[in-house]
1. With the structure loaded, tell me whether THR100 is crowded, with 20+ Cβ neighbours inside 10 Å, more than 21 Å from THR4 (Cβ to Cβ) and among the β-branched types (Val, Ile, Thr) or whether it fails that test.
2. All but one of (1) within 20 Å of GLY81 (Cα to Cα); (2) surrounded by 19 or more Cβ atoms within 10 Å (Cβ to Cβ) hold for GLY6; state the number of the condition that does not hold.
3. Within region 24-36, identify whether any single residue is modelled with pLDDT under 95, within 30 Å of LYS119 (Cβ to Cβ), not aliphatic (A, V, I, L, M) and not in a helix (DSSP H, G or I), and answer yes or no.
4. Could we say that THR100 is among the polar types (S, T, N, Q), modelled with pLDDT under 95 and assigned to a helix (DSSP H, G or I) here?
5. Look through TRP101, TRP66 and report the one residue that is under 28 Å from PHE115 (Cα atoms), touching a residue at least 24 places away in the same chain (Cβ under 8 Å) and within 14 Å of the chain's Cα centre (by Cα).
6. Look through MET36, MET30, MET110 and report the one residue that is among the hydrophobic types (A, V, I, L, M, F, W, C), free of Cβ contacts under 8 Å to residues at least 12 places away in the same chain and surrounded by 15 or more Cβ atoms within 10 Å (Cβ to Cβ).
7. Name the residue, out of SER48, SER42, that is of a type in the set (S, T, N, Q) and either under 16 Å from ASN95 (Cα atoms) or not in a helix (DSSP H, G or I) (or both).
8. Sort through PHE115, PHE82, PHE70 and tell me the only one that's in contact with a helix residue (DSSP H, G or I) (Cβ under 7 Å, 6 or more places away or on another chain), of a type in the set (Phe, Trp, Tyr) and surrounded by 16 or more Cβ atoms within 10 Å (Cβ to Cβ).
Amino acid sequence: MAKTLGMLFGIVFLAVGILGFVPGITTNDMLLGIFMVNPMHSIVHIVSGAIFLFASMSGAGAARLWFQIFGVVYAIVAILGFMTPNGLLLGLISNNPADTWLHVVLAVAMLGIGFGSAKQTA
């Protein structure tokens, strides 16, 4: 399950990262008119997507590990987002309340998948 979901998350993160650079879909630094993005934010999504894809191709154990790591990272990003509701996280990544709440949902989902999915045995 973690491997399949990792592939799905990887594809979605890659797509969202790429869409962050597409005029019309991203206007005035707003992806779909909802989420604040900037080039660094989009690059982070592209890199996250690539890591998810590579980890998932390596096997279920690697996918679970990355869900665990990214779940913790996204939880920290969400906390930082609540501390900086409209601005730049760490001075680099644009953020607004919609981004922060999406990061909360992603953290919960990733932690649930990472720690809740069954370990696969050979």
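1. Values: crowded, with 20+ Cβ neighbours inside 10 Å: yes; more than 21 Å from THR4 (Cβ to Cβ): yes; among the β-branched types (Val, Ile, Thr): yes.
For THR100, the condition - crowded, with 20+ Cβ neighbours inside 10 Å, more than 21 Å from THR4 (Cβ to Cβ) and among the β-branched types (Val, Ile, Thr) - is met.
2. (1)
3. no
4. Details: among the polar types (S, T, N, Q): yes; modelled with pLDDT under 95: no; assigned to a helix (DSSP H, G or I): yes.
No: the conditions fail for THR100.
5. Details: TRP101 fails: touching a residue at least 24 places away in the same chain (Cβ under 8 Å).
From the options TRP101, TRP66, the qualifying one is TRP66.
6. Numbers: MET36 fails: free of Cβ contacts under 8 Å to residues at least 12 places away in the same chain; MET110 fails: free of Cβ contacts under 8 Å to residues at least 12 places away in the same chain.
It is MET30.
7. On the way: SER48 fails: either under 16 Å from ASN95 (Cα atoms) or not in a helix (DSSP H, G or I) (or both).
Just one listed residue meets the conditions, SER42.
8. Values: PHE115 fails: surrounded by 16 or more Cβ atoms within 10 Å (Cβ to Cβ); PHE82 fails: surrounded by 16 or more Cβ atoms within 10 Å (Cβ to Cβ).
Every option except PHE70 fails the conditions.
The values are calculated or read from the model by the stated rules, or taken from the named source; none is laboratory data. What you are looking at is a predicted structure, and each value in this text was computed from that prediction instead of being measured. For neighbour counting, all protein chains shown are included, and Cβ atoms are generated from backbone atoms with ideal geometry for every residue, glycine included.
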